[in-house]
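Chemist: Can you keep this structure in mind? I'll have questions shortly.
Just so it is clear, none of the values below were taken in a lab; they were calculated from the coordinates. Just so it is clear, the structure is predicted and the values come from calculations on it, not from any experiment. Virtual Cβ from ideal backbone geometry, glycine too; neighbours counted across all protein chains shown.
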Amino acid sequence: MEYRRLGKSGLQMSLLSLGSWITFGHQVDDKVSENLMKIAYDHGVNFFDNAEVYADGKSEMVMGKLFKKFKWDRSTYLVSSKVFWGGKLPNQYGLSRKHIIEACNASLKRLQVDYLDLFFCHRPDKNTPVEETVRAMDYLINSGKILYWGTSEWSSQQIMEAYSVARQYHLTPPTMEQPQYNMFHRERFELEYKRLYSEIGMGTTTWSPLASGLLTGKYNQKLKEKTRLGLPEFAWLKEKVLGTDTEEKLSKVKKLIKLSTTLNTSLPVLSLQWVMSNKNVSTVILGASKENQLKENLKAINTFSQYTPEVHDMVEKILDNKPRSSIF
Ligand code: NDP
């Protein structure tokens with residue numbers, strides 16, 4: 001495993017990590033979750049990603065039971081949660097001081113840990129002053145309940161605002177962002193955030209590296225097995241992932257499959273290495289519903305040296321979507 005610092009912080013994260021969205025407590029049973037976590041940990045993965053909203057808290061409960069069962073030394077792994085979508089009643093969602101503190105306490109209970117290594121504001125909250133959110137996060141840091149705090153899918157302007165408020169009042173600034181980053185979704189990561197990496201030392205824990213499976217090539221075939229984009233309760237996600245340019249995406253995936261075959265690798269591995277090759281990525285959060293998927297994806301580490309600048313150029317040529325802008 002390769003380890004990278006979370007931005008300019010001292011925290012070392014495995015370049016590949018494991019998330020539990022859609023899978024733990026929902027799509028897969030607890031035995032599969034157990035095997036996935038064990039495989040990951042045995043391969044040197046040290047970060048497990050979670051959120052209060054994943055399977056309405058069940059995902060954290062499953063992970064918490066497993067931490068207890070594995071008895072891993074607490075210093076050997078990092079666990080996160082995210083606050084925003086708790087319940088539906090007033091004060092059960094958003095980034096008010098009340099919800100942030102209550103959500104953190106509830107996640108600690110479900111995960112059966114004394115502190116969270118990383119705690120994210122899952123989305124921005126237009127209805128709460130950013131100073132209230134920053135103060136609540138600073139309080140959690142000072143009370144030892146969380147070690148690092150950050151944001152997920154905030155604009156660069158919103159991140160800078162939180163950063164400035166923290167600096168103004170001598171509070172702990174956000175140190176990380178959790179953005180989507182993959183071959184088909186790259187503009188914000190590569191352009192909008194560009195200055196934040198050097199100016200505030202922002203680390204990134206990136207999500208959906210395989211665009212929910214699209215970048216494995218599986219949706220270019222007729223499938224018999226159940227897949228994420230076939231889950232009726234996630235029809236909205238299918239629409240988002242495939243977008244209005246489905247044919248164009250599938251055609252690029254077809255070319256990428258060809259390229260990966262020529263290179264004697266697989267498309268999931270190539271797609272992950274493309275993400276890993278960006279130095280502003282601190283860790284790539286993997287998702288997997290089956291053990292063989294995770295094992296395949298973890299191969300991206302051992303063969304990373306084969307992902308040369310020449311290979312990168314060949315991929316870029318197929319993608320033909322490098323974001324360009326004079327604004328950022
Ligand atoms: P991916 O884009 O990698 O999608 C993972 C899914 O793709 C798997 O569950 C599986 O779905 C399929 N898959 C993965 N590997 C393979 C393979 N080798 N062959 C075939 N199919 C494969 O990542 P996720 O979207 O799951 O995101 C990863 C993590 O990021 C999440 O678990 C979560 O922790 C975090 N996240 C954070 C968000 C945020 O807002 N902060 C939002 C979304 C995710 P299947 O078998 O069901 O088809």
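Chemist: Just checking, which of LEU319, LEU294, LEU259, LEU250 is farther than 15 Å from PHE184 by Cα and either of a type in the set (S, T, N, Q) or more than 13 Å from the ligand (Cβ to nearest atom) (or both)?
Modeler: LEU259
Chemist: Could you check, for the range 136-147, whether at least one of its residues is surrounded by fewer than 16 Cβ atoms within 10 Å (Cβ to Cβ) and hydroxyl-bearing (Ser, Thr, Tyr)?
Modeler: Yes, that holds for at least one residue.
Chemist: How many residues does the range 89-113 contain that are part of a loop (DSSP other than H, G, I, E, B) and in contact (Cβ under 8 Å) with a residue 24 or more places away in the chain?
Modeler: 5
Yes or no, residue by residue, for (1) within 30 Å of GLU248 (Cβ to Cβ); (2) within 20 Å of the chain's Cα centre (by Cα); (3) more than 14 Å from the ligand (Cβ to nearest atom); (4) not hydrophobic (A, V, I, L, M, F, W, C):
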| site | (1), (2), (3), (4) |
| --- | --- |
| ALA136 | no, no, yes, no |
| TYR139 | no, no, yes, yes |
| SER143 | no, no, yes, yes |
| GLU161 | no, no, yes, yes |
| HIS170 | no, no, yes, yes |
| PRO179 | yes, yes, no, yes |
| GLU187 | yes, yes, yes, yes |
| GLU190 | yes, yes, yes, yes |
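Chemist: Can you tell me which residue in the range 201-220 is nearest to the chain's Cα centre (by Cα), limited to those that are more than 11 Å from the ligand (Cβ to nearest atom) and surrounded by fewer than 22 Cβ atoms within 10 Å (Cβ to Cβ)?
Modeler: Taking the candidates together, the pick is GLY201.
Chemist: Still on this structure: Looking at the range 229-328, what helices (runs of 4 or more DSSP H) fall wholly within it and have at least 1 residues that are acidic (Asp, Glu), under 21 Å from TYR219 (Cβ atoms) and out of contact with any His (no Cβ under 6 Å at 6 or more places or on another chain)?
Modeler: 235-242, 246-262, 291-302
Chemist: Sticking with this structure for a sec: Can you tell me which residues in the range 1-53 are surrounded by 23 or more Cβ atoms within 10 Å (Cβ to Cβ), free of Cβ contacts under 8 Å to residues at least 40 places away in the same chain and either away from the ligand (no atom under 16 Å from the Cβ) or in a loop (DSSP other than H, G, I, E, B) (or both)?
Modeler: Residues satisfying the conditions do not exist here.
Chemist: Here is a follow-up. Quick check on my filter: what residues within the range 56-93 are within 11 Å of the ligand (Cβ to nearest atom) and of a type in the set (Gly, Ala, Ser)?
Modeler: Across the range 56-93, the qualifying residues are SER59, SER80, SER81.
Chemist: May I ask you to verify whether SER282 is within 16 Å of the ligand (Cβ to nearest atom), under 17 Å from the mean Cα position of the chain (by Cα) and either surrounded by 14 or more Cβ atoms within 10 Å (Cβ to Cβ) or over 21 Å from MET37 (Cα atoms) (or both)?
Modeler: yes
Chemist: Working only within the range 235-245, note down all residues that are within 22 Å of HIS122 (Cβ to Cβ) and either near the ligand (Cβ under 9 Å from one of its atoms) or among the small types (Gly, Ala, Ser) (or both).
Modeler: Answer for the range 235-245, where residues must be within 22 Å of HIS122 (Cβ to Cβ) and either near the ligand (Cβ under 9 Å from one of its atoms) or among the small types (Gly, Ala, Ser) (or both): ALA235, LEU237, VAL241.
Chemist: Output the number of the condition that LYS65 fails; it satisfies all remaining conditions of (1) touching a strand residue (DSSP E or B) at 6+ places or on another chain (Cβ under 8 Å); (2) assigned to a helix (DSSP H, G or I); (3) in contact (Cβ under 8 Å) with a residue 40 or more places away in the chain; (4) surrounded by fewer than 18 Cβ atoms within 10 Å (Cβ to Cβ).
Modeler: (1)
Chemist: Give the range 149-203 a look and list any residue that's without any contact (Cβ under 8 Å) to a residue 40 or more places away in the chain, over 15 Å from CYS121 (Cα atoms) and of a type in the set (Asp, Glu), or say none.
Modeler: Matches in the range 149-203: GLU199 only.
Chemist: Next question, about the same structure. Of these, TYR163, TYR139, which one is more than 28 Å from THR76 (Cβ to Cβ), outside any loop (DSSP other than H, G, I, E, B) and either out of contact with any Phe, Trp or Tyr (no Cβ under 6 Å at 6 or more places or on another chain) or of a type in the set (Asp, Glu) (or both)?
Modeler: Answer to the check: TYR163.
Chemist: Confirm whether GLU190 is surrounded by fewer than 18 Cβ atoms within 10 Å (Cβ to Cβ) and within 28 Å of VAL269 (Cα to Cα).
Modeler: yes
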